[in-house]
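Below is one structure; the comments refer to it alone.
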Amino acid sequence: MTVVGTTPPPRLPVRDRTTAHQRAGGGVSPMLTRLAEERATGVLDREHGTLHLVEGRVVHAESPLAPGLGMLLTLHGTLDAETWQDAEGSADEGRLLRHGVTPGALELAQASALYDAAYFALAPSSTPGRFRYGTAHWLASVHPVPVAALERETLRRRALLRRIWPDPATDAAPLIRADPVAAPAVPPRQAAVLARVDGVRRAADIARELGRPAFHTLVHLRRLAAAGLVSPQPPPAAEDHPPDDAAADPYVALLKRVRDALEAL
């Protein structure tokens, strides 16, 4: 008997998941990843914030949900508000350094503000981002961040919050104190956050009052929520109006008119 050999079929290509993950930018913002590959310079506007890019790196970030660099520098006495306004208005980094801010302190504050605002700017959005090509931001040389590193940190922060307390309601809602009978003791930094929970303030409000990064405030609030000390303010209850039978049923309305007419006789 003759045995006929056959050539085995070629192996199917296997997708390199690591490379794919890197090319997709960790699944945070494909648009931002493309801009990094293009080495683009300009401003990426997203629903919850703005990212400034220079040659494909993020050099500055802003979000209405996070205290800005100026607030972080001025609230703790590192810089007076007037000097910050002058430096920002003239786009002069040197003015900050001439007024007592050391290069190391400026870089540390800028990195903290950048990662903080970028966390919110890169949050899932209901609207598409828009990129405007333009010139470099005036703080471009302080602490440029590669897009891949920024997206990894954003994903790490999301995972951290989920591990602490999976319900994100405390991130954006007005907050109330639970005040259980046997309330556990909390560390001083959490206690400062808890002291400002009043049924009106949100996490962003508390972060601004304390002059702290907003993400750190989210971490404290989720720990407080996990301990049963803080919860979101429940939405106002809808007013209970009895149904208007006449408006709901034309036949009932007709009977009502007939009855009113008979009573008038």
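The values are calculated or read from the model by the stated rules, or taken from the named source; none is laboratory data. Keep in mind that what you see is a predicted model, and the values were worked out from it rather than measured. Note that we place each Cβ from the backbone using ideal geometry, even for glycine, and neighbour counts take in every protein chain shown.
Quick look at the values:
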| quantity | calculated |
| --- | --- |
| From Glu37, Glu82, residue being over 30 Å from Ala172 (Cα atoms) and either over 26 Å from the mean Cα position of the chain (by Cα) or modelled with pLDDT under 95 (or both) | Glu82 |
| Residues of region 122-139 that turn out to be within 26 Å of Arg212 (Cβ to Cβ) and touching a helix residue (DSSP H, G or I) at 6+ places or on another chain (Cβ under 9 Å), as a count | 4 |
| Residue within region 209-218 that is under 23 Å from Pro64 (Cβ atoms), in a helix (DSSP H, G or I) and in contact with a strand residue (DSSP E or B) (Cβ under 9 Å, 6 or more places away or on another chain) present | no |
